[in-house]
Amino acid sequence: MSTWSALVAESLGAPAGSARVERLTVRPGEVAGRVRGPGAHEVSLIRTVPAEAEWERLCAALASQPVFRARVLDGELPVAAARVFALLGWDLVPRGWEALVATCSCDRWEGRCAHLGAAVAELGALADRDPFTLTRWLGRDRRALTAQVRALSATAVKGCSGEEATFGKKEQAIAEQTGADSAAGFWSAPPLPPAPVPPPGAGERVRAAAPGIVADDLPGFGQEGSRTGT
């Protein structure tokens, strides 16, 4: 997903109807607000929040990956960070309404009402302006999350310097799956394999099919030509 609002819409659906959000408050474990259309109705979206130990793991995972660590410490939260949370079992955006306790004061009980849909859409818009709205809903506001990632970053950098890292196998798996591994891992990668050598006669066949300077400049073909006298 390219935006947080798109991720919210994908997970919880697009709004239906003409309901309008007058007020929306996001706090740990609950999004609450007032929606009009018609009349005024109180809505609530309640979710489970991680325990302190789980937040330690989540922030350690972010701190252990240079890309996410730099962005979070710069006051940003890219949409790709949602995958880190999901891999550790905590979705920044719940995957479906069954993961929420959703209530509305209207009298529509047969399904999700337009008031709840409008609240979700407003939540997505808020997240586009401030992605840490979603971490606050999950239990950590921007300041607390940034402070915890910063505190764990020193440990992450120490682990990357060749000393014993403190992150477990699950955090390492996250780094591999998100493609945001440590700098030490990058620079210690094995050397690239040698360039492939074309089979005998390949250069002549390519020149015959597509003669010109492009074929002459292809790796290996020039050397072959010098050996065959072409």
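Within region 58-89, the residues that satisfy the criterion of being over 11 Å from the mean Cα position of the chain (by Cα), among the small types (Gly, Ala, Ser) and either assigned to a helix (DSSP H, G or I) or farther than 14 Å from ARG142 by Cβ (or both) are ALA60, ALA61, ALA63, SER64, ALA70, GLY89. In region 88-108, the residues that are of a type in the set (D, E, K, R) reach residues that are at pLDDT 90 or above and not in a strand (DSSP E or B) with C-beta atoms within less than 8 angstrom, at least six apart or across chains, in these pairs: ASP91/SER11; ASP91/ALA82; ASP91/PHE85; ASP91/ALA99; ARG95/SER11.
Set side by side, the residues VAL49, VAL35 differ, and just one is buried (at least 20 other Cβ atoms within 10 Å of the Cβ) and assigned by TED's automatic domain parsing to the domain that holds ARG136, which is VAL35.
Kindly indicate whether any position in region 21-36 is small (Gly, Ala, Ser) and either farther than 27 Å from LEU116 by Cβ or touching a His at 6+ places or on another chain (Cβ under 7 Å) (or both). Taking every residue of region 21-36 in turn, none turns out to be small (Gly, Ala, Ser) and either farther than 27 Å from LEU116 by Cβ or touching a His at 6+ places or on another chain (Cβ under 7 Å) (or both). No other residue among ALA114, ALA127, ALA147 is surrounded by 15 or more Cβ atoms within 10 Å (Cβ to Cβ), under 22 Å from ARG27 (Cβ atoms) and in the same structural domain as ALA32 (by TED's automatic domain parsing) apart from ALA127.
Counting only residues that are closer than 18 Å to TRP137 by Cβ and not in a loop (DSSP other than H, G, I, E, B), region 93-114 holds 7 of them.
The values are calculated or read from the model by the stated rules, or taken from the named source; none is laboratory data. Worth saying up front: this structure is predicted, and the values here are computed from it rather than measured. Note that each Cβ is placed from the backbone with ideal geometry, even for glycine, and that neighbours are counted across all protein chains shown.
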